[in-house]
Amino acid sequence: MPLILCLLLALPSPFALAVTLLATEVPPYVIRAQQGAPTGMAVEVVEEAARRLREPLTIELMPFARALVEAQHRSGVLLLPPVRSQDRETRLQWIAPLLEESFVLASDRRHRDEPLTLAEARRLKIGVLRHSLSHSLLQARGMPELESVGAERGNADKLARGRIQAWAAAWNTMRYAQQEAGLPLTRLIKGETLARVPLYLAANLDFPAEEAARWRHTLAEMAADGSLDRILLQYDYQAP
């Protein structure tokens, strides 16, 4: 094959599909930067996939409730990082799982040195992120004392001060919030698991099937060649 043709094939196509990624700030998967575009482990995975696909990627950061609605009504958009649930199953196109996460109970070692169970937590004040999976799971179990906050760092602070006795969240999000609050990770005691779920890259139902297949294949290649794990390890990711 002539060299010039090889070079032309390596260049991004001028007709490459510009993809919009709707994302919600959920550290460490999606992190709002003080300046510039958002970062985070899930964002970096999607950015690397877009680079390999030679597709321009625009990231729009917004609250999850709005992102979920827009992903259902805006043609051709991607969504990050939703949990795949029964009520969302038919409302989105599920491209591929990005990573596994466990939603757990946690306590402060200074106040309790044994892993917390759900039965024991029923008598305690539990901190949750408003509208999160943990919030929904505990509401469904009829837990009487839930205190919700708008950011997980608030739960880290409240647990350290004894204003809540338990914290329910994704384990990696807990670890990130604990460090963001300047608190030692060794104080957190991981308790009972509420759910173990994959976090997905999803899309609008009108997202082209051939494009979805290309994204799915590229993400599978990243998992196979180790680049996915390398990105996750940069954020001290702990698998369930």
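The values are calculated or read from the model by the stated rules, or taken from the named source; none is laboratory data. Quick caveat, the model's predicted, so the values are computed rather than measured. When we count neighbours, we look across all protein chains shown, and the Cβ atoms used for this are built from the backbone with ideal geometry, even at glycine. Quick note on the areas: whole protein, heavy atoms, side chains included, nothing else; ligands and nucleic acids left out. Shrake-Rupley method; radii C 1.70, N 1.55, O 1.52, S 1.80 Å.
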Show the residue pairs meeting these rules: Cβ distance below 6 Å; 6+ apart or different chains; first residue within the stretch 49-68 and more than 18 Å from PRO82 (Cα to Cα); second residue open to solvent by 50 Å² or more (accessible area, probe 1.4 Å) and of a type in the set (Gly, Ala, Ser). PRO56/ALA18
Return yes or no: is GLU101 among the acidic types (Asp, Glu) and at pLDDT 95 or above? yes
When LEU233 is evaluated against the numbered criteria (1) surrounded by 15 or more Cβ atoms within 10 Å (Cβ to Cβ); (2) closer than 22 Å to GLY40 by Cα, which criterion, by number, is the only one it fails? (1)
Tell me, which strands (runs of 3 or more DSSP E) lie completely within the stretch 128-228 with 2 or more residues that are open to solvent by less than 20 Å² (accessible area, probe 1.4 Å)? 166-170, 188-203
Among (1) exposed (fewer than 14 other Cβ atoms within 10 Å of the Cβ); (2) of a type outside the set (Ser, Thr, Tyr); (3) closer than 25 Å to ARG230 by Cβ - the single one ALA18 does not satisfy: (3)
Residue, most open to solvent (accessible area, probe 1.4 Å), within the stretch 54-82, restricted to residues that are part of a helix (DSSP H, G or I) and either under 21 Å from SER134 (Cβ atoms) or in contact with a Lys or Arg (Cβ under 6 Å, 6 or more places away or on another chain) (or both): ARG66
Please count how many residues of the stretch 126-163 are modelled with pLDDT of 95 or more, in contact with a strand residue (DSSP E or B) (Cβ under 6 Å, 6 or more places away or on another chain) and charged (D, E, K, R). 2
Filter the stretch 111-121 for residues that are at pLDDT 95 or above and either in a loop (DSSP other than H, G, I, E, B) or among the charged types (D, E, K, R) (or both); the one that is farthest from the chain's Cα centre (by Cα) is GLU120
Scan the stretch 200-240 for residues that are acidic (Asp, Glu) and in contact (Cβ under 8 Å) with a residue 60 or more places away in the chain and jot them down. ASP206, GLU211, GLU221, ASP236
